[in-house]
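Let me begin by presenting the structure, written as structure tokens, before commenting on it.
All of the numbers you see were taken from the coordinates with simple rules; none came from a lab. All of these numbers come straight from a predicted model, not from anything done at the bench. A quick note on method: Cβ atoms are made from the backbone with ideal geometry, for glycine too, and the neighbour counts reach across all protein chains shown.
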Amino acid sequence: PVTIYNWIDFDVFHPRQSDLRTKHGLEDRFVILVVASTISHIKCYNEIKAIAERMPENWAIVAIGETTAPLPSNVIHIPRTHNTTSLAEYYSMADVCLNTTLYETFGKVTVESMCCGTPVIVYRNTASPELVEDGCGEIVEQEQGMDAVMAALKKVESAGKAHYSTACLESVRRRFSKETGVDAYIRLYEQLIDR
């Protein structure tokens, strides 16, 4: 079998400077970002709620996406952004991206975050662990519950975002560039023609 990953637009998704921390009052906070078209029990809602109840005062959650239920009052909620540059600024601003989705075929949020130098925490299910190589974030056993998620968040906070950024950027450049994807398709078609 041949695996050819979707590619990401590196002209948009790369580490960016912005005033988002100042705008949201997050200058000295450990920022956890959640991005989903719809935040639901399948896409991080339960985790957001549990983290919001337990997190220290120097942590903050920024959640981007429509919701199926109200988010806790201490979560900064941005209902949507259709601007990919703005989305890349949010990824870049965050210390970690939480993508504890229950079902995933290709976690575009995971890869976009890593393109912006931000590590990702995922569950060890479906396609997510395949995307998060060593040094690019933390993989959590879903069965271990919120204690494991909180431990992963504390590990990222303790190590610091910079500890993960280089590995994130190297990983995505090697696997998710347009050039890599197109070359892989060409090689595949050439092999099929040769048969």
**Q.** Helical contribution to [θ] at 222 nm, DSSP H n ≥ 4, -39,500 (n - 2.57), averaged over the chain, rounded to 500
**A.** -12500 deg cm²/dmol
Q | Centre separation in Å (Cα based) which lies between region 1-36 and region 129-179 | A | 13 Å
Q) How far, in degrees from 0 to 90, does helix 45-54 lean away from the longest principal axis of the Cα atoms of the chain, to the nearest 10? A) 40 degrees
(Q) Between Ile193 and Asn83, how high is the FRET efficiency from 1/(1 + (r/R0)^6) when r is the Cβ-Cβ distance and R₀ = 35 Å? Nearest 0.05. (A) 0.25
Q. Under a plain spin-label model, where a point goes 7 Å from the Cα along Cα-to-Cβ, how far apart in nm are Gln144 and Glu66?
A. 3.5 nm
Q. Put a dot 7 Å past each Cα toward the Cβ at Thr105 and Asp11; how far apart are the dots in nm?
A. 2.7 nm
Q: Quick one: net charge around Asp19, please, counting Lys, Arg +1 and Asp, Glu -1 for every other residue with C-beta under 13 Å from its C-beta.
A: +1
Q. Between the helical axis of 84-93 and the dominant principal axis of the chain, each derived from Cα atoms, what acute angle in degrees is found, rounded to the nearest 10?
A. 60 degrees
Q) Each label point is 7 Å from the Cα along the Cα-to-Cβ direction; what then is the distance between the points at Ala162 and Val182, in nm? A) 3.6 nm
Q: Select from region 94-165 those chymotrypsin sites (Phe, Trp or Tyr not before Pro) which occupy a DSSP coil region and have at most 10 other Cβ atoms within 10 Å, ordered by residue number.
A: Tyr103
Q) List the trypsin sites (Lys or Arg not before Pro) in region 81-155 that DSSP assigns to loop (not H, G, I, E or B) and whose Cβ has at most 14 other Cβ atoms within 10 Å. Which are they? A) Arg124
Q. Rounded to the nearest 5, what % of the DSSP beta bridges within region 1-120 are antiparallel ones?
A. 5 percent
Q.
Two decimals, Cα atoms only, Kirkwood Rh: what is Rg/Rh over region 1-76?
A. 1.06
Q) What GluC sites (Glu not before Pro) does region 1-81 have in DSSP loop regions with at most 11 other beta carbons within 10 Å? A) Glu27, Glu57
Q) Placing +1 at every Lys and Arg Cβ and -1 at every Asp and Glu Cβ, with all other atoms neutral, what dipole size does the chain have around its Cα centre, in debye to the nearest 20? A) 200 debye
Q: State the three equivalent ellipsoid semi-axes of the chain, derived from the C-alpha gyration tensor as the square roots of 5 times its eigenvalues, in descending order and whole Å.
A: 30, 18, 16
